[in-house]
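Working notes, beginning with the structure itself.
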Amino acid sequence: MNIQEVHRYLENYHINPSVQRSAIMQYLLQNFTHPTVDQIYADLLPDMPTLSKATVYNTLKLFVEKKAVKAIYIDERNVRYDAQTGLHAHFKCRRCNDIYEVPLEESDIPTFRGGPELRLGETQIYFLGTCGKCFEQANTQMTV
Ligand SMILES: [Zn+2]
Ligand SMILES: [Zn+2]
């Protein structure tokens, strides 16, 4: 996605496309790896020496508020960010911590029976296990 397309993408979410916001959004649209703040910052810094980690953090917070990006809380150490906002679940490998997309249908989601005091905001579904890559590397004593 070129930078003009990224600008339009941000404007669709009513986000003013500053240079830094555009760079961060473009990064997310090119890296569906569920990166952390630290990864995004480290990857963008060589091209944007004036970028600060606080800016990355605040920008992601804005993206999440505007629903341009989803925050994923599958990793107990770091929030991960996902520009894939359509319905899907996640699978986290316990060995390498990679997060994989898992297709999900509306019908796969258990019906949420809330009430006046419980209103559903969003659904996050995730699975834990071992990815194929790690499974192959692992010895026979591994626990899945
Ligand atoms: Zn793995
Ligand atoms: Zn995802």
Subset of segment 92-124 (residues that are assigned to a strand (DSSP E or B), more than 16 Å from ligand 2 (Cβ to nearest atom) and touching a residue at least 40 places away in the same chain (Cβ under 8 Å)): none
Where R80 falls short, out of the listed (1) farther than 21 Å from Q26 by Cα; (2) at pLDDT 85 or above: (1)
Identity of the residue in segment 82-91, more than 16 Å from ligand 1 (Cβ to nearest atom) and touching a residue at least 12 places away in the same chain (Cβ under 8 Å), that ends up nearest to the chain's Cα centre (by Cα): D82
Residues (open to solvent by less than 60 Å² (accessible area, probe 1.4 Å) and away from ligand 1 (no atom under 16 Å from the Cβ)) located in segment 92-122: L104, I109, G114, G115
Count - residues of segment 60-75 that are within 16 Å of ligand 1 (Cβ to nearest atom) and of a type outside the set (V, I, T): 1
Neighbours by Cβ (under 6 Å, 6+ apart or cross-chain): first from segment 54-70, part of a loop (DSSP other than H, G, I, E, B); second among the β-branched types (V, I, T): K66/I15
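The values are calculated or read from the model by the stated rules, or taken from the named source; none is laboratory data. Note that the structure is a prediction, hence the values are computed from the model and not measured. We place every Cβ from the backbone using ideal geometry, glycine too, and count neighbours over all the protein chains shown. Just so you know, the surface numbers come from the protein's heavy atoms only, side chains and all, with ligands and any DNA or RNA stripped out. Shrake-Rupley method; radii C 1.70, N 1.55, O 1.52, S 1.80 Å.
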